[in-house]
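Novice: Could you have a look at this structure, given as structure tokens, before my questions?
The values are calculated or read from the model by the stated rules, or taken from the named source; none is laboratory data. Predicted, not measured: the structure shown is a model, and the values here were computed from it. Please note: Cβ atoms are built from the backbone with ideal geometry, for glycine as well, and neighbour counts cover all protein chains shown. Side chains included, ligands, DNA and RNA excluded: accessible areas come from the protein's heavy atoms. Shrake-Rupley method; radii C 1.70, N 1.55, O 1.52, S 1.80 Å.
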Amino acid sequence: MFVSLVFISLALSIFTFIAKGYEYRISILLGATLWAVLLTFATEFLSIFDLITFNYVLASWILTTVALVGWFFKCKRLGSGTLANEVNLNTNQGNSFSLFSIALIGGIAFIIITIGLTALAAPPNNWDSMTYHMARAVHWQQNHSVAHYPTHILRQLYQSPWAEFVILHFQILSNSDRLANLVQWFSMIGSAFGTSLLAKNLGANFRHQLFTAAMSVSIPMGILQGSSTQNDYVAAFWLVCFTNFVLLVIRREMRKVSLVAAAGCLGLAILTKGTAYIYGFPFLIWLLISELRFSRQAFLRSIITTTLIIILINLGHYLRNFDLFGLPITTYSHKLTNDTFTIQTLLSNTIRNVALHIYTPLDSFNNAAENIIRVVHKSLNLDISDPKTTWPGAKFSIPRLQTYEDTAGNPIHLFLSTLTISVCFSNKKIKQKKYISPYLTSLVISFLLFCFLLKWQPWNSRLHLPVFVLFSPLIGIFFEAIKIQKVKGYLVFIILYISLAWVFHNESRPILGNQNIFNTNVIEQYFTNRHDLQESYVEVANQMRVEQCSKIGLVLREDAWEYPLWVLLQQNISALHIEHVDVKNVSNQRASVKRYETFSPCAIISVGYSGPDRISYKGVAFFKQWVSANSLESVGVFFRAAPQVKPSKVRAVELSQ
């Protein structure tokens, strides 16, 4: 009930811009941007005073909703005459809803609705979400603040936090994590509207705008992520918003509003994921070059406005990182960036990143493609798994056909994108569209920058999602080169039909199959990607309940699954308090803060710990009392006293909760 205020305020933001006379898709992007900025500032402000609690979060949304209601009725009274006279933003010429268009909209809606039902029915269970996306949100909720805290998993601190800010508000107001997947799902919907608007701004007619939306929602990686708590689709949405407003500034349409909105969207994209620095940079340069050509004054105004807004939106996160790590922007790891920057580096990483999307059902083709890539590397005297340009321990290979959200590729969209590039430079009709070439150039450069700067990883395909989403408008326009209308229609519907394989057979949240999200209990679904941990984690939660231990310390390896422990312990223990203890990394500086300094656990849970059977914390000795025998990595429990209590057995009824 209370969480509905979040959605009401978002709707009010959008409808207020519609009331001001903006085209409905521009209103969606502007409304979402305003809402996101309000959420960001509310979170940061409440965090300063440790007030991220139910009452204060609820009060912030009540005030926001009341303010937006007043603004909405004020705009509705004033009408849209002034804006309509300034610029024709509410045009719908050529919007012919034929039977084909209605069918296509129906197909797009079916995919979106089905993914939405998946997002609501399934709990969060993505690997990174269990490690840090969801884990950081419950720490913030417990601490009543988004300030950095002692943790063995540093990604919980330095990674961009905006998507988790939204999850935090959802969890506080609904007292549940069942809405957490909706952040990505709403981003998928927003991207469908945003890419169709991009297609319009690039010169596409109504039918090809629909084709663009179809291409956007049928991206396999997007389908899989649309029901998860990752953040690549959220970043993609803000980049779609950013590029739309960049185009509006360049076209001199609602220029002042568009410039502020563009800066806001880029700031939100950066606050969501670090890859936004790379993907957004070429489009920002395009904007600044256009402003410089217009006037030096416009150029300086754009630089100052963009810089100030981006810094303001990210200021809280920058200050927290600077205070702990000494830098506002950090990965605290050299594993992500290349150790060498050469033409050979760029060539190797570009080929290998593209290869993540070229698999087919034909093993003979896949093997031949992989052999060709190996021959190319050998002829250039390049190690195909060079540790200087490859994630530590990873070995290059073309992945199999799969429906897993971390490594799935987009082969059809890669093929269409490749065709689009050639057609955009050869088709006279498309070349005449003024903004196609600079848009395509900016997009290609953004991908090349990604390959030049970041190491190749087997799971890089998920990081490519914004590129494929931003390619959708170009693919939609590419269909103009196909003269036979029926061929276009059949092709789009075939792509939508093929995409259903990823809609229904998501490996993490399957709709069909013997063990799907509707016939598998919730606890088991949390462990879909780590079945080996389930029994051990349930056993640990049982022990904490039997011992009536509510203050629990954690000793975890860097990539351990933390969040499921919270879920199981919260079911069995009231007044639960969990903190990372015996932290050896830089975040241990935060241990001197009062809330952590006074923490005294009655037990310590370890995951992936290979140290001695005795842990000393604040002068108190904890002894290993139990260790798992069923999981691939060690799960243990340490108590203050020497081993005496026998571990309780796992009950079937608790596994079925």
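Novice: Restricting to helices (runs of 4 or more DSSP H) lying wholly in the stretch 394-492: which have 2 or more residues that are modelled with pLDDT of 90 or more? Step through it out loud before you land on a result.
Specialist: Working: elements: 411-424, 428-431, 436-453, 465-478.
Fully inside the stretch 394-492 and qualifying: 411-424, 436-453, 465-478.
Novice: I'm checking my understanding of the structure. Among residues of the stretch 305-324 that are hydroxyl-bearing (Ser, Thr, Tyr) and over 20 Å from the mean Cα position of the chain (by Cα), which one is least open to solvent (accessible area, probe 1.4 Å)? Don't jump to the end; show me each part of the working.
Specialist: We begin by selecting, within the stretch 305-324, every residue hydroxyl-bearing (Ser, Thr, Tyr); these are 305-307, 318.
Restricting the remaining residues to those that are over 20 Å from the mean Cα position of the chain (by Cα) gives 305-307.
Working: Thr305: 33, Thr306: 10, Thr307: 66 Å².
Checked the stretch 305-324; the qualifying residue least open to solvent (accessible area, probe 1.4 Å) is Thr306.
Novice: Please specify each residue of the stretch 53-64 satisfying the condition of being surrounded by fewer than 18 Cβ atoms within 10 Å (Cβ to Cβ) and in contact (Cβ under 8 Å) with a residue 60 or more places away in the chain. Outline the logic, then answer.
Specialist: Start the filter on the stretch 53-64 by keeping residues that are surrounded by fewer than 18 Cβ atoms within 10 Å (Cβ to Cβ), which leaves 53-56, 58-59, 62-63.
Result: Thr53, Phe54, Leu58.
Novice: Still on this structure: Restricting to the stretch 347-376, what's the tally of residues that are closer than 29 Å to Leu154 by Cα and either open to solvent by 40 Å² or more (accessible area, probe 1.4 Å) or not in a helix (DSSP H, G or I) (or both)?
Specialist: 1
Novice: Is there a residue in the stretch 413-427 that is open to solvent by 10 Å² or more (accessible area, probe 1.4 Å), over 26 Å from the mean Cα position of the chain (by Cα) and under 22 Å from Ser348 (Cβ atoms)?
Specialist: yes
Novice: Filtering the stretch 1-13 down to residues that are closer than 28 Å to Thr212 by Cβ and in contact with a Phe, Trp or Tyr (Cβ under 8 Å, 6 or more places away or on another chain), which residue is surrounded by the most Cβ atoms within 10 Å (Cβ to Cβ)? If you could, list the steps in order and put the result at the bottom.
Specialist: Initially, the stretch 1-13 is screened for residues closer than 28 Å to Thr212 by Cβ, giving 7, 10-13.
Retained after the next criterion (residues that are in contact with a Phe, Trp or Tyr (Cβ under 8 Å, 6 or more places away or on another chain)): 10, 12-13.
On the way: Leu10: 21, Leu12: 22, Ser13: 24.
The selected residue is Ser13.
Novice: Go through the stretch 325-344 residue by residue and tally those that are assigned to a helix (DSSP H, G or I) and open to solvent by less than 70 Å² (accessible area, probe 1.4 Å).
Specialist: Initially, the stretch 325-344 is screened for residues assigned to a helix (DSSP H, G or I), giving 325, 343-344.
From the residues that got through so far, the ones that are open to solvent by less than 70 Å² (accessible area, probe 1.4 Å) too are 325.
Residues in the stretch 325-344 being assigned to a helix (DSSP H, G or I) and open to solvent by less than 70 Å² (accessible area, probe 1.4 Å): 1 in total.
Novice: Looking at Thr272 and the list (1) open to solvent by less than 30 Å² (accessible area, probe 1.4 Å); (2) out of contact with any Phe, Trp or Tyr (no Cβ under 7 Å at 6 or more places or on another chain), which single condition is not satisfied?
Specialist: All conditions pass for Thr272, except number (2).
Novice: Further, regarding this structure: Which of the residues belonging to the stretch 579-603 are in contact with a Gly (Cβ under 8 Å, 6 or more places away or on another chain) and either under 18 Å from Asp559 (Cα atoms) or in a helix (DSSP H, G or I) (or both)?
Specialist: Glu579, His580, Val581, Asp582 - these are the residues of the stretch 579-603 that are in contact with a Gly (Cβ under 8 Å, 6 or more places away or on another chain) and either under 18 Å from Asp559 (Cα atoms) or in a helix (DSSP H, G or I) (or both).
Novice: Further, regarding this structure: Condition test on Gly636, is it modelled with pLDDT of 90 or more, surrounded by 12 or more Cβ atoms within 10 Å (Cβ to Cβ) and at positive phi?
Specialist: Numbers: modelled with pLDDT of 90 or more: yes; surrounded by 12 or more Cβ atoms within 10 Å (Cβ to Cβ): yes; at positive phi: no.
No: the conditions fail for Gly636.
Novice: Which residue is nearest to the chain's Cα centre (by Cα), if the candidates are limited to the stretch 511-570 and must be surrounded by fewer than 20 Cβ atoms within 10 Å (Cβ to Cβ) and among the hydroxyl-bearing types (Ser, Thr, Tyr)?
Specialist: Thr520
Novice: Pairs please, first residue from the stretch 19-43 and over 23 Å from Trp61 (Cβ atoms), second anywhere and of a type in the set (Gly, Ala, Ser) and surrounded by fewer than 21 Cβ atoms within 10 Å (Cβ to Cβ), Cβ atoms under 6 Å, 6+ apart in sequence or on different chains.
Specialist: So the pair list comes out as Gly21/Ser80; Gly21/Ala84.
Novice: Next up: Which count do you get for residues in the stretch 495-508 that are part of a loop (DSSP other than H, G, I, E, B), open to solvent by less than 70 Å² (accessible area, probe 1.4 Å) and closer than 11 Å to Ile223 by Cα?
Specialist: Here is the first cut: in the stretch 495-508, the ones part of a loop (DSSP other than H, G, I, E, B) are 505-508.
Now restrict to residues that are open to solvent by less than 70 Å² (accessible area, probe 1.4 Å): 506, 508.
Checking the rest, the ones that are also closer than 11 Å to Ile223 by Cα come to 506.
The number of residues fulfilling the criteria is 1.
Novice: Check whether at least one residue in the stretch 187-208 is in contact (Cβ under 8 Å) with a residue 24 or more places away in the chain, buried (at least 24 other Cβ atoms within 10 Å of the Cβ) and among the aromatic types (Phe, Trp, Tyr), and report yes or no.
Specialist: No.
Novice: Counting only residues that are surrounded by 22 or more Cβ atoms within 10 Å (Cβ to Cβ) and not in a helix (DSSP H, G or I), which one in the stretch 22-52 is farthest from the chain's Cα centre (by Cα)?
Specialist: Tyr22
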